[in-house]
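Here's the structure we're looking at; comments come further down.
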Amino acid sequence: MINSPRGTRDLLPPDTALWNFVEAAVRDVFRAYNFHEIRTPIFESTELFARGVGEETDIVSKEMFTWSDGERFNEKRLIDEWLRVNLSDDPHHVQAGRVNVQGNPSILAKLKEVGVQLVWRGIQVRPNLLSGRFEFVAFGSRISSDAITALKKARSIAKSEYSHEFGNHAILLRLVVPDESAKTSPWVATEDVEIEGFAGNYFSSSQSLTLRPENTAGIVRAYIEHKLWERGLNKFFSIGPMFRRERPQKGRYRQFYQIDAEVIGPAASGSQSPARDAEILELLATLLDRVGITGWTLELNSVGCPADRTKFNQALRKALAPVVEKMCLDCQRRYVTNPLRIFDCKVPEDQPIIKTLPTISQFLDEDCRTHFEAVKNILNAVQIPYVENPRLVRGLDYYQKTAFEFTHGALGAQNAILGGGRYDGLSEALGGPAAPGIGFAIGEDRLVLSLAATAESVIRKPDVYIAPLGAGMNREAARVARELRRHDLVVDLGDESFRLKKSFEAAVKMGARYILIVGGNEVAADAFALKHLASGEQVTVPRADLAQRILRK
Ligand code: HAM
């Protein structure tokens, strides 16, 4: 038997109804706050996360699913090299063995479309009297039927559409592939295509790809790549799977789902304002309320700006110097590379030391302090409760200023239902323009786990189960079902081969409200037996009144 891989799980009905309920509610809230959906790829280049999230974080250093996508063929380099060796500089003095790219531009363009270059190979006898031959050349990473088909197609285009240009000249076909590929190809050259293995390395080094462990870096990448600021877009949300190679336990999976939101834009758009931080936090309170989560705690901190971080790291090193050797190996490494990350340590023996360390709040500069006060001010005004947690630094390197987490008691060890913060330098770190931003990601698995609602309360059961009774009745049942579904009723169907008892059992099992009998007599009378399953009450209802009758609860 093949099971789902460790740390992944199937989301099954009826639970999927709960997931859909959550996502629908969340989409409503995002609409009210003018957020727009963005969908980015589930894998990105590894470098994006290394630069965005930070090399020294647990996520990047230990938890990413990374692979190399193999070698990539550099077609342009092969074409350039081949032409450099073969091309004659002088279009009028073509020497034996050398070639010119010739022909009228429209032929060249048309052939290029099918992946073929037209060259002319020959000897000049007298000016304007050229003898020689035409050659169509295709380039590929290996000998393939596609390339050979393209060549033949090019020749038939030339013969039929451009016969006045090519006259009776022979057209030879040539496929140029890297030498190595020619040697290893199982293909035998076809009779009229000459295969040329061309020496050189035309494969660029492989690219490292990673399943996204989070989506802030991906969204900021898309923001930069598509210049989204030019379209006046600055509030985005996305819902989808993330991947981290963590030790699985309740609420912690290797494939999990995040509901992610980001506000990002040029400073002139107000993206730097503490009002955005407060808006995001107020949105979250609304959102959790809307899906029915109570009893959450908002933990809030400011992690300062890079200058504060430098001072803080110095202070941490100083405080750690006498004790660091007693700490775990990860912390000893972090001590050297990025002492702030020592706060991510989960090793129980290290916790007493970590408790004594200075906190970032002592190192905030005036700007960061004012920003933090302004955020708290608005939160007080809109009555969003929070607790300050000076040790909250979050496990990703891009944060500046505001950082937060919402926790929920029902979750046990993995009690962070969501996390987020401000990341003002991230766009620049990824090669983009200055674009301050703030966002969050909700762990959707954990959100669903902490919901008081059950799937049963949000699932929509069938309004009616139609039981076709006897041969030929599937057809009639299909007609009735189609009419009822037009009225937005949830309808399921049995089969004409079922005995009535079997249909009743099926209707009860799926929790249908009514069962509707479609038999020969009913069809003849154009009125159907409709039975309310809970009360047992049965009535005969004319076809035209069926939908209204079922819609009545
Ligand atoms: P994060 O704190 O790494 O932040 O993840 C956000 C949430 O995702 C966590 O609070 C948790 O609920 C959920 N989560 C994380 N790992 C797992 C897992 N292995 N299994 C189940 N749930 C998990 C970020 O990802 C940032 N990108 C958030 C952000 C957006 N910051 C600014 N914008």
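The values are calculated or read from the model by the stated rules, or taken from the named source; none is laboratory data. Given the structure is predicted, the values throughout are model-derived calculations rather than measurements. Positions of Cβ are backbone-derived with ideal geometry, glycine not excepted, and every protein chain shown enters the neighbour counts.
Some notes on this structure:
- Unique residue being closer than 23 Å to Tyr253 by Cβ and more than 24 Å from the chain's Cα centre (by Cα) when the list is Asn389, Asn380, Asn415: Asn415
- Segment 485-504 - residue that is loosely packed, with under 13 Cβ neighbours inside 10 Å and on the phi < 0 side of the Ramachandran plot and, of those, nearest to the chain's Cα centre (by Cα): Arg486
- Members of segment 218-259 found to be in a helix (DSSP H, G or I) and more than 10 Å from the ligand (Cβ to nearest atom), listed by number: Arg221, Ala222, Tyr223, Ile224, Glu225, Leu228, Trp229, Glu230, Arg231
- Residues in segment 354-368 that are buried (at least 16 other Cβ atoms within 10 Å of the Cβ) and not hydroxyl-bearing (Ser, Thr, Tyr) were compared, and the one that is farthest from Lys401 (Cα to Cα) is Ile354.
- Look at segment 537-553: where a residue is under 16 Å from Ile517 (Cβ atoms) and a partner is assigned to a strand (DSSP E or B) and β-branched (Val, Ile, Thr), sitting 6+ places away or on another chain with Cβ atoms under 8 Å, you get Arg549/Val539; Arg549/Val541; Ile550/Val464.
- Set side by side, the residues Gly295, Gly251, Gly304 differ, and just one is buried (at least 16 other Cβ atoms within 10 Å of the Cβ) and closer than 18 Å to Val448 by Cβ, which is Gly251.
- Exactly one residue out of Arg479, Arg446 is of a type in the set (Lys, Arg), out of contact with any Gly (no Cβ under 9 Å at 6 or more places or on another chain) and either without any contact (Cβ under 8 Å) to a residue 60 or more places away in the chain or not in a loop (DSSP other than H, G, I, E, B) (or both), and it is Arg479.
- For segment 409-426, the set of residues classified as outside any strand (DSSP E or B) and either surrounded by 23 or more Cβ atoms within 10 Å (Cβ to Cβ) or in contact with a Lys or Arg (Cβ under 9 Å, 6 or more places away or on another chain) (or both) consists of Leu411, Gly412, Ala413, Gln414, Asn415, Tyr423, Asp424, Leu426, listed by residue number.
- Complete set of residues in segment 8-19 that are closer than 17 Å to Ile442 by Cβ and without any contact (Cβ under 8 Å) to a residue 60 or more places away in the chain: Leu11
- In segment 428-449, the count of residues that are near the ligand (Cβ under 9 Å from one of its atoms), modelled with pLDDT of 95 or more and among the β-branched types (Val, Ile, Thr) is one or more.
- Pick from segment 317-348, criterion more than 22 Å from Ile59 (Cα to Cα) and in contact (Cβ under 8 Å) with a residue 12 or more places away in the chain, ranking: nearest to the chain's Cα centre (by Cα): Arg317
- Gly304 being at positive phi and touching a Leu at 6+ places or on another chain (Cβ under 7 Å): yes
- Enumeration of residues in segment 111-137 that are in a strand (DSSP E or B), surrounded by 12 or more Cβ atoms within 10 Å (Cβ to Cβ) and either aliphatic (A, V, I, L, M) or modelled with pLDDT under 75 (or both): Val116, Leu118, Val119, Trp120, Arg121, Gly122, Ile123, Gln124, Leu130, Gly132, Val137
- Any hit, segment 260-281, residues being out of contact with any strand residue (DSSP E or B) (no Cβ under 7 Å at 6 or more places or on another chain), within 13 Å of the ligand (Cβ to nearest atom) and under 24 Å from His371 (Cα atoms): no
- Any hit, segment 169-185, residues being out of contact with any strand residue (DSSP E or B) (no Cβ under 9 Å at 6 or more places or on another chain) and either within 14 Å of the ligand (Cβ to nearest atom) or at pLDDT 95 or above (or both): no
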